[in-house]
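Trainee: Questions regarding the structure given below will be posed in turn.
The values are calculated or read from the model by the stated rules, or taken from the named source; none is laboratory data. Just so you know, these numbers come straight off a predicted model, no measurement behind them. Note that each Cβ is placed from the backbone with ideal geometry, even for glycine, and that neighbours are counted across all protein chains shown. All accessible areas refer to the heavy atoms of the entire protein, side chains included, with ligands and DNA or RNA removed. Shrake-Rupley method; radii C 1.70, N 1.55, O 1.52, S 1.80 Å.
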Amino acid sequence: KHHEQSLTAVVDEALFTKYLEYKSALTSLDVQFDTSSISADDLRALNQALIDLQSQFFSESEISILFTHDNKMREIALEKLLLRQEGLAEQDYQQRFESYLSEQPNYVQSSYLNQVLLQQLSSSEGLDEQAKYLKRNELVGEEATQRLESLDQQRAEFEENLKVYFAERNDILNDSALSESELQETIAQLRAARFAPEQVRRVQAIERIRAASLGL
């Protein structure tokens, strides 16, 4: 829909169709393991199954475009598990892994380090406000921490606004005096009044997701 409405978006529809078929085929993968304690053999089997499935749907160049990052991150995860299985002391493990990582292309190193940083930032969410602020400051510095604080506030305000909006929306939907067209027009007016223009599409998407989850 975005492609159809946009004057600038470029979408390879044939490739996108194959990608959707691939995503659907992922549900049929027969790779079973305990996700709470995945072993190197488990991850190796999963990695190979994914690579084989990718090859069924895509050419090598398409795989390079779509899956280079994900495939490389699994390779790194597998190397970490293999090193752990050697029973190395923590310092030796870190040295071996850092040596392995240094041999990877620069974009892979950056991507991995960014992924680790995101995980560390995510782990700070459960802390109290002061501890979270100090942890973020340690990880990304004062300026970035201030931006994250601002994003937290914006997110909280949006979530609260969304909660009130859905309560008012339900009242409108339950008004039997309104026709279908009047319902839609009133909801559109409420949506426009409650949210900034750049948030409206996001709200509409959340509405569709809620409706689908309720089978409406």
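Trainee: Around Val200, with a cut-off of 12 angstrom between Cβ atoms, what is the net charge of the other residues, counting Lys and Arg +1 and Asp and Glu -1?
Mentor: Net charge in that neighbourhood comes out at +2.
Trainee: Quantify, in whole percent, the carbon and sulfur part of the accessible surface of segment 76-216 (1.4 Å probe; protein heavy atoms only).
Mentor: With neighbouring chains kept in place, the figure for segment 76-216 is 50 percent.
Trainee: Same structure again: Going 7 Å from the Cα of Ile206 toward and past its Cβ, which residues in segment 159-197 have a backbone nitrogen under 14 Å from where you end up?
Mentor: 159-170, 191-197
Trainee: Please give the Cα centre distance for segment 15-70 versus segment 186-216, rounded to the nearest Å.
Mentor: 34 Å
Trainee: Taking 0.36 nm per intervening residue step and subtracting the Cα-Cα distance, what contour gain separates Thr27 from Glu157 on full extension?
Mentor: 43.2 nm
Trainee: Between Leu183 and Ser99, what length in nm is gained on full extension when 0.36 nm per residue of separation is reduced by their alpha carbon distance?
Mentor: Computed gain between Leu183 and Ser99 is 24.0 nm.
Trainee: What residue among Gln154, Gln104, Gln199 has the largest mean-square fluctuation in a Gaussian network model of the chain, using Cα springs under 10 Å?
Mentor: Maximum fluctuation in the GNM of the chain, among the listed residues, is at Gln199.
Trainee: What are the principal axis extents of the Cα atoms in the chain, in Å, biggest first?
Mentor: Each principal axis gives a Cα extent; for the chain these are 71, 49, 38 Å.
Trainee: Quick one: P(r) of segment 50-99 from all Cα-Cα pairs, 5 Å bins, percents rounded to integers, in order of increasing distance.
Mentor: 4, 18, 23, 15, 11, 11, 10, 6, 1
Trainee: Computed on alpha carbon atoms, what radius of gyration and Dmax characterise segment 124-216, expressed in Å?
Mentor: 18.2, 57
Trainee: Towards the positive end of the charge dipole of the chain, with charges on Cβ (+1 Lys, Arg; -1 Asp, Glu), say which of Ser61, Ala192, Ile51 has the farthest Cα.
Mentor: Ala192
Trainee: Let me ask another. Name the residue from Ser124, Leu178, Gln85 whose Cα lies farthest towards the positive end of the charge dipole of segment 73-216, charges +1 on Cβ of Lys and Arg and -1 on Cβ of Asp and Glu.
Mentor: Ranked along the dipole, the leading option is Leu178.
Trainee: A further question on this structure: Can you tell me the length gained on complete extension of the stretch Glu13 to Asn106, counting 0.36 nm per residue apart and subtracting the Cα distance?
Mentor: 30.3 nm
Trainee: Within the chain, which is the longest segment containing none of the GluC sites (Glu not before Pro) that sit in a DSSP loop and have at most 16 other Cβ atoms within 10 Å?
Mentor: Looking at the chain, 104-216 is the longest stretch - no exposed GluC sites (Glu not before Pro) with at most 16 other Cβ atoms within 10 Å.
Trainee: Now a separate question. Can you tell me the accessible area per residue over the chain, all protein chains present, probe 1.4 angstrom, in square angstrom?
Mentor: So the chain comes to 70 Å² accessible per residue, rounded to a whole number.
Trainee: Turning to a different aspect of this structure: With +1 on each Lys and Arg Cβ and -1 on each Asp and Glu Cβ, and nothing else charged, work out how big the dipole of segment 48-199 is about its Cα centre, in Debye to the nearest 20.
Mentor: So the magnitude is around 260 debye.
Trainee: Before rounding to the nearest 500, sum -39500 (n - 2.57) across all DSSP H runs of length at least 4 in the chain and divide by the residue total; then give [θ] at 222 nm in deg cm²/dmol.
Mentor: It comes out at -26000 deg cm²/dmol, rounded to the nearest 500.
Trainee: Could you work out the mean projected area of the convex hull around the alpha carbons of segment 70-129, in square nanometres to one decimal?
Mentor: 5.2 nm²
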